[in-house]
1. Counting only DSSP beta bridges with both residues in the chain, tell me the antiparallel percent, nearest 5.
2. Divide, for the stretch 144-261, the radius of gyration over alpha carbons by 2.2 N^0.38 Å, where N is the residue count.
3. Mind jotting down the distance between the C-alpha centroids of the stretch 53-101 and the stretch 1-28, whole Å?
4. Residues in the stretch 88-110, backbone N under 13 Å from the label point at Asn136 (7 Å along the Cα-to-beta-carbon vector): list them, ranges by number please.
5. State the dimensionless ratio Rg/Rh of the stretch 1-147 (Rg: radius of gyration of Cα atoms; Rh: Kirkwood radius).
6. Once you put a point 7 Å from the Cα of Lys14 and another 7 Å from the Cα of Glu116, both along the Cβ direction, what distance in nm separates them?
7. Quick check: pseudo-label points 7 Å beyond the Cα along Cα→Cβ at Asp169 and Glu128, how many nm apart are they?
8. Please give the contour-minus-distance gain from His206 to Arg182: 0.36 nm per residue of separation, less the Cα-Cα distance, rounded to one decimal in nm.
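Coordinate-derived values only; no laboratory data. Quick caveat: nothing in here was measured; it's all calculated off a predicted structure. Positions of Cβ are generated from backbone atoms using ideal geometry, with glycine treated the same way; all protein chains shown enter the neighbour counts.
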Amino acid sequence: MIEASRLKIGYDNKIVVEDFDFEIKAGEIIALIGPNGSGKSTVLKVVSRLMKAMAGVVHLDGNDIHRLSTKEVAKKLSMLSQQQITPPDFTVRELVAYGRLPHRQWYETKSQEDEEIIEWAIGQTRLEKLADRYINNLSGGERQRAWIAMALAQRPKILLLDEPTTYLDICHQLEVMELVSRLNKELGITVVMVLHDLNQAVRYSHRLVVIKEGRFVAEGTPEAVLTKDMLRQVYNVEAEVTIDKNIGKPVFMPLGLAYGT
Ligand SMILES: Nc1ncnc2c1ncn2[C@@H]1O[C@H](COP(=O)(O)OP(=O)(O)O)[C@@H](O)[C@H]1O
Ligand SMILES: [Mg+2]
């Protein structure tokens, strides 16, 4: 579905990601993990065509992403960046309606189908009661759901989420994770998300991809990737990793910093 190979990415002339390969298969949930500044957001920007790589290529369903129009990309893929700038006087419904723009010509007004999809996206994210509220008056968790609803109104096959749970309390983090999980299971949407909480990454994704200092480190099932060695090497943290019997997946408990390796 998406294949990125040999990506070299930089800002001005400073290279921040190098020799990075990334594959996204239809139907999976991938968590992209790594320390701050390791290049996770940069990779997502290139995969969603917000930014151009210095070298390497991204294929979306077999086509070089730079040969597709913005609309063609937006119909398949929708990206929520790390910091969304909320337009000051938008209601939830108005924000969600923006997700329909890639599906119409500039001279067309909203069709019946657009209206139905907007209501569908609001329903999927359980925002019916908040649809006429201003975005800026919502709580962090509600606002994040409104952005996800906008992304859904694009009817994308792939959702890219950059730190969708950062700044949310644990209840609202889980609410977003459960929503993502349901969109994947019930609608078959493929998801790539950047997460900092490794236990949540393990619990909610099929595959983890690890990046450090712009370089690929590891990828695989949560069991294969979440190991003491990886935590020491990538995060400089000593940790206990055990299998949680309730979910049959590894969980980790940090013990302290692993100085000098
Ligand atoms: N707009 C930018 N201009 C210059 N450097 C940037 C910009 N955005 C990110 N960087 C640099 O690129 C590197 C990777 O950043 P980023 O992809 O945001 O990392 P992550 O999302 O993993 O925290 C960092 O060194 C960061 O300082
Ligand atoms: Mg980032």
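1. Restricted to the chain, the bridges split so that about 60 percent are antiparallel.
2. For the stretch 144-261, the normalised Cα radius of gyration is 1.14.
3. 17 Å
4. So the set is 88-91.
5. Rg/Rh: 1.01.
6. Between Lys14 and Glu116, the simple spin-label model gives 5.0 nm.
7. 2.6 nm
8. That works out to 7.3 nm of additional length.
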